[in-house]
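So the structure is just underneath, and the comments pick up after that.
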Amino acid sequence: MAVPQVLVFRTQLNIRCPFIFCLHNVRKSSSVAAVAVEPVKVLKNQSYNASDGKGDGDVPKWKKLSSEELGISTSMIAKPTRLVLNGLKKKGFEVYLVGGCVRDLILNRTPKDFDILTSAELKEVLKIFQRCEIVGRRFPICHVHIDDTIVEVSSFTATGRKFKRNGYNVVRRPPACSEADFIRWKNCLARDFTINGLMFDPFAKIVYDYLGGLEDIRRAKVRCVIPANASFIEDCARILRGVRIAGRLRFRFARETAHFIKELASSISRLDKGRILLEMNYMLAYGSAEASLRLLWKFGLLEILLPIQASYLISQGFRRRDRRSNMLLTLFSTLDNLLAPNRPCHSSLWIAILAFHKALVDRPRDPLVVAAFSIAVHCGGSLSDVLGIVRKISQPHDTRFPELLDQNIESDEALLDEMMNLATYVEAALQEMTDEHFVSRALIEYPQAPKSDLVFISWTLAQKVSAIFECVRRGKEKDFRRKRGRKIDYESLALGKLREVRHIFAMVVFDTVFPPHLKD
């Protein structure tokens, strides 16, 4: 392996006035958002141009940047994370925020979580915090418990062992490079994407950019640190993480990265099913489900992960880069409007939406039947509440979806019979989604599509989803109190509390079938 060549150069700074770095928020939209950027003041008058084996674009310049000029303040860091940072710093250890949280702080977004990197050994971290444990065998980290929050802390020594496994990161210390810079640089080289390779010292108020991550944020681009084929072969879960990041931020992929996502898509089937569920939950439960589903479809991943839903898109003539919508995508778009990275839902909710939609695809229903079903779920099976509400619906339904079929159901008895029948279809759809044999036959009518029998929904989780709909067939549950209004208890939603999951499921279904904008 050739050793990277290092060029040393000097940066000319404008001493008349500091440059201001301005990154505008990446807004949620159907297209890739542009990120405006002005030059930022480099804190040192020397940086390095290091060949780090990246697969796309020019070799980046090492930069040390003022976090204040990047718009980052300590108030943006969650209180539990600040307590851990302060605890480590008081003991004399170096501490950094690393990964996606730094990227999100620069974009003025709320991070999903905060990851801490420290010079302390993990055993030393255990001594500092009372409620702390070491987890993970291959790449151990510390879980520090602060109130009800877990803060992840990794050590330079532990990540160094991970770093040594990557043959592309065999580097030697460049000339005129400090030992501290070299250690930080090596750690960044072990990361997946350049925009996740930023390091933030909240006490020195410095952001370290050794991989060109800020430039890729400015260009709204997801790019692998090392050549994309080697990166995805080394860890195919990076394919799903890349989709999750691009979907959430509305970023595009660098050309080489996009190419090898398509080429190596089938490799994700080798992942542990629990890991796949975790990554799918990150995509669908944190407010970017619609964009993530579109990307999974675009890059040929949906056929492997969710063959039943891929079959639906094919039957609709949905092209890979289609900007149109359909009922499945609209359901998840409605869900996205209620969630955020710091306000996720439990996985049972999005699985319930998938099963519900499949039931409608198998047999389209009258909009009032769908309304009655959603109200029954919300009311814990109270039929009197269902009839009392559904007959007052006067607003039009969304006529774009073939899953909704006008049947002109007049009698209450017929309406309730159809509602019960829909509940049976939803339960059957859930069973089919967790049946390897059925899943493997989902795309049998499309021989050009890859075959997949992947089922990552466990039996226990399927039972939790099934409980959402039991009340429709069994009638009103004892002591059930339905929620009023649209207020959401996000803590209960994240924990999968049945009352809250039913509340949001009903809101999503009703607002999709009877969109508020059609009210007038």
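Remarks
- Ordered from highest to lowest accessible area with the whole protein assembly present and a 1.4 Å probe, F480, F139 read as F139, F480.
- DSSP-loop GluC sites (Glu not before Pro) across segment 401-432, with at most 10 other Cβ within 10 angstrom: E410
- With the charge dipole of the chain set up from +1 on Lys and Arg Cβ and -1 on Asp and Glu Cβ about the Cα centre, the Cα lying farthest toward the positive end among the listed residues I239, S348, A423 is that of I239.
- Values of log10 I(q)/I(0), in the order q = 0.11, 0.18, 0.20 Å⁻¹, for segment 179-263 under a Debye, Cα-only, solvent-free model: -0.30, -0.75, -0.89
- Local net charge near D147, Cβ-Cβ under 11 Å (Lys/Arg +1, Asp/Glu -1): +1
- Accessible-area value, Y490, 1.4 Å probe, nucleic acids and ligands omitted, Å²: 60 Å²
- Heavy-atom SASA rank of M283, M76 (probe 1.4 Å, accessible area, largest first): M76, M283
- When only alpha carbons are used to place a centre, segment 253-288 and segment 172-207 end up 26 Å from one another.
- In angstrom, the C-alpha Rg and Dmax of the chain are 25.3, 84.
- Mean Kyte hydropathy of -0.5 or more with a Cα span along the axis of at least 30 Å, helices from DSSP in the chain: 412-433
- Antiparallel DSSP beta bridges within the chain, as percent of all bridges there, nearest 5: 80 percent
- Shape of segment 319-384, Cα gyration tensor, a/c cut at 1.5: oblate
- Largest accessible area first, the listed residues D181, D412, D272 line up as D272, D412, D181 when surface is computed with a 1.4 Å probe on the assembled protein chains.
- Here the dipole of the chain is about 1920 debye; that uses its Cα centre as origin and unit charges on the Cβ of Lys and Arg (positive) and Asp and Glu (negative).
- Calculated FRET efficiency for the pair I183/R131, C-beta based, R₀ 35 Å, to 0.05: 0.75
- Cα centroid separation, segment 128-149 to segment 294-347: 35 Å.
- The loop-placed trypsin sites (Lys or Arg not before Pro) in segment 402-491, going by DSSP, that have at most 11 neighbouring Cβ atoms within 10 Å of their Cβ come out as K478, R481, R484, R486, K487.
- Cα centroid separation - segment 64-103 against segment 481-511, whole Å: 34 Å
- Charge dipole magnitude, Cβ of K and R +1, D and E -1 - segment 194-301, Cα centre, debye nearest 20: 380 debye
- Normalised by the number of residues in the chain, the mean separation of alpha-carbon contacts (under 8 Å, six or more apart) gives a relative contact order of 13 percent.
The values are calculated or read from the model by the stated rules, or taken from the named source; none is laboratory data. Just so it is clear, the model here is predicted, and its values are computed rather than measured. Cβ: placed from backbone, ideal geometry, glycine included. Neighbour counts: every protein chain shown. Just the protein is used for accessible areas: all its heavy atoms, side chains included, with ligands, DNA and RNA removed. Shrake-Rupley method; radii C 1.70, N 1.55, O 1.52, S 1.80 Å.
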